[in-house]
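Taking it in order: structure first as structure tokens, then the write-up.
The values are calculated or read from the model by the stated rules, or taken from the named source; none is laboratory data. This structure is a prediction, so every number in the text was calculated from the model and none was measured. Backbone-built Cβ (ideal geometry, glycine too); neighbour counts: all protein chains shown.
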Amino acid sequence: MDNYEKNYLSKRPQSLCSMCGRCCRVSTTSVPYARLLEMCEAGEETAMDFLGIFEPYSSTDAAREVDAELVDNVINQLKACNNYDESNMTFYRCKYIRDDNLCGNYENRPLLCHYFPGSAWAVVPPGCGFEGWLLWKREEDKQKIRHSKEQLLELQVLKCRNLTPEFQDKAAEVEKKIQKTIDMYKKYGSEFW
């Protein structure tokens, strides 16, 4: 877990959870189901944790019968980011969610449940208590990327003024690091921020 993730999770206000159970009844992941199975076979803990508690719906329509609004929300958000591939989309349900929306495996739940939503870019059910907070965290990410882009521009100006090979080499290293940060958010549209 990197420092950004630790900082994000330490500030996540768990009290915002309304305990509606929707995120447990209909969930998805950015990793295709076939790849999750391969990861499990290779012993990757996060994939094993996920498939240890979540089981796939037979189809998107089967998930839609449980919560059409949430399924459509996920699909629409992925389409907006040009990140939707129906052939790689699988929806899941938690094996342990009870009728009262509480977890039947609460004491043994994996970290992915404990820390949900684990990213500012998580797609949550409409009306989720985390919605506003996630929007705020996304705006913080966008500001960070805008600042990184400003740093790139400043660096390009400095490179034009200082033509020494040493400076050019150092500047190229810094540019790569800054660009790597920007590229981490590309799937969320960072090129337009």
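Quick notes on this one:
Residues checked against (1) farther than 22 Å from ILE53 by Cβ; (2) surrounded by fewer than 17 Cβ atoms within 10 Å (Cβ to Cβ); (3) touching a residue at least 24 places away in the same chain (Cβ under 8 Å); (4) touching a Phe, Trp or Tyr at 6+ places or on another chain (Cβ under 7 Å):
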| site | (1), (2), (3), (4) |
| --- | --- |
| THR90 | no, no, yes, yes |
| ASP99 | no, yes, no, no |
| LEU102 | no, yes, yes, no |
| LEU111 | no, yes, yes, no |
| HIS114 | no, yes, no, no |
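- First in region 14-42 and closer than 27 Å to LEU102 by Cβ and assigned by TED's automatic domain parsing to the domain that holds PHE91, second anywhere and exposed (fewer than 14 other Cβ atoms within 10 Å of the Cβ) and of a type outside the set (Val, Ile, Thr), Cβ under 7 Å, 6 or more apart: MET19/ASN101; CYS20/ASN101; GLY21/ASN101
- Lone unmet requirement of (1) part of a helix (DSSP H, G or I); (2) within 21 Å of ARG25 (Cβ to Cβ); (3) not polar (S, T, N, Q) for ASP141: (2)
- For GLY129, the conditions (1) surrounded by 13 or more Cβ atoms within 10 Å (Cβ to Cβ); (2) in a helix (DSSP H, G or I); (3) modelled with pLDDT of 90 or more are fulfilled apart from (2).
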